[in-house]
Amino acid sequence: MEEMVSEEVGLEVDPSSGSGHEVPQDLGSPQTQSTGVLEVASGSDDGHDIEEGIPPSPHKQPPQSLSQDVSRPHSTLRLRSSRVVSRSHSTLRASRPSVKECLKVPESEMADLSLDVYNMFYLSDIKSQACVYSSCVFLVKLSLYILLLLDLRTNKKVPTDGNMAASIYVKIAQQFLIPVAIVTQEELITSYFIFSHLKYSPEIRKRHPGAYYWKFILAHFARFADGVLFLFINVWVMLIQENDVLGLFLNFAALQFLQMIDNIALQVSLDGYWTRSLQEAAQDVVDMKFAYRHTYVHNCMQGVLVLAAWISMVVVWGVSHYKPKDE
């Protein structure tokens, strides 16, 4: 009987032991590696009572089912599969051509992108998380502007010579703050810089397939609209001030957090507070660059645009303060 058992399970009987303990003949098989040493119970003559999973011990261990042993390799395979997918995604991103290879211009001819969600929208695919996220941030910012405009239109009036004129000190402070409001408005100045100095490069789609020309225009138009609206709100808040210069400064400073919403939204994505996809999209904005334009007209355009914005705000200030007196 012992010889029959040894032939069926591939084991040989230890002749020095009469208890029926078996030793493995081949430890190189997959079953032997995963389950350890096999032990045949001494009370069984046909070798069907087999314990597996642990080395022989003086205490009898409860048997383990075959399904448990089979499930372990599958769990390990699933874990390794997820790691392979993650590594493949990272390898795919690393295999993209660099920005310099796409633009084919020297480093001195490249300009960094502003770190905001508008550039995230431009570089992302239309159905990606980054595209939806950047669009939602813009809509939130636009909603705050609309609420401010509705409140100013309903509850705040500009003091004019026809009713309650502002003090001379407030008018002087307003003249100084108008150019300050223009140059500190990041979205507006960035839009002027892009329109005058930078150009769209279709070759960048080798690295970012979703960076279409219409998205380039839409993203920068949205940034420009953001800047114009915020500048208009800033000037309106300055104009409603009557005789308190300190209140004028405080109101001007209190609104500055609104223009930082899009930058903060990109930064929290870059720091990994949201999803891995948004973090990678934010890193793409950091790594991305534009190619410069080098024409005389484009070099002068930025200064002309800033000057035009200042003249238009001065005209608004003059019309608001020196309207004809009410009859």
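Kindly evaluate residue 244 against the criterion of being surrounded by 12 or more Cβ atoms within 10 Å (Cβ to Cβ), at pLDDT below 90 and not hydrophobic (A, V, I, L, M, F, W, C). For residue 244, the condition - surrounded by 12 or more Cβ atoms within 10 Å (Cβ to Cβ), at pLDDT below 90 and not hydrophobic (A, V, I, L, M, F, W, C) - is met. Being crowded, with 24+ Cβ neighbours inside 10 Å and either part of a helix (DSSP H, G or I) or at positive phi (or both) is the filter here; which residues of the stretch 106-132 pass it? 117, 118, 119, 120, 121, 122, 123, 130 - these are the residues of the stretch 106-132 that are crowded, with 24+ Cβ neighbours inside 10 Å and either part of a helix (DSSP H, G or I) or at positive phi (or both).
Can you tell me which of (1) modelled with pLDDT under 90; (2) open to solvent by 60 Å² or more (accessible area, probe 1.4 Å) is the one residue 238 doesn't meet? Unmet condition: (2). Given the structure, is residue 252 open to solvent by less than 50 Å² (accessible area, probe 1.4 Å) and either out of contact with any Cys (no Cβ under 9 Å at 6 or more places or on another chain) or within 20 Å of residue 211 (Cβ to Cβ) (or both)? Taking the combined requirement at face value, the residue satisfies it. For residue 222, the requirement of being within 30 Å of residue 297 (Cα to Cα), open to solvent by less than 30 Å² (accessible area, probe 1.4 Å), in a loop (DSSP other than H, G, I, E, B) and modelled with pLDDT of 90 or more is not met. Report yes if residue 230 is part of a helix (DSSP H, G or I) and either among the acidic types (Asp, Glu) or open to solvent by less than 60 Å² (accessible area, probe 1.4 Å) (or both), otherwise no. So residue 230 passes the test. In the stretch 255-304, the qualifying residues are those that are in contact with a helix residue (DSSP H, G or I) (Cβ under 8 Å, 6 or more places away or on another chain), open to solvent by less than 80 Å² (accessible area, probe 1.4 Å) and outside any helix (DSSP H, G or I), and the one that is farthest from residue 112 (Cα to Cα) is 275.
The values are calculated or read from the model by the stated rules, or taken from the named source; none is laboratory data. Just so it is clear, the model here is predicted, and its values are computed rather than measured. Using ideal geometry, Cβ is built from the backbone for each residue, glycine included, and neighbour counts are taken over all protein chains shown. These area figures cover heavy atoms from the full protein model, side chains too; ligands, DNA and RNA do not enter into them. Shrake-Rupley method; radii C 1.70, N 1.55, O 1.52, S 1.80 Å.
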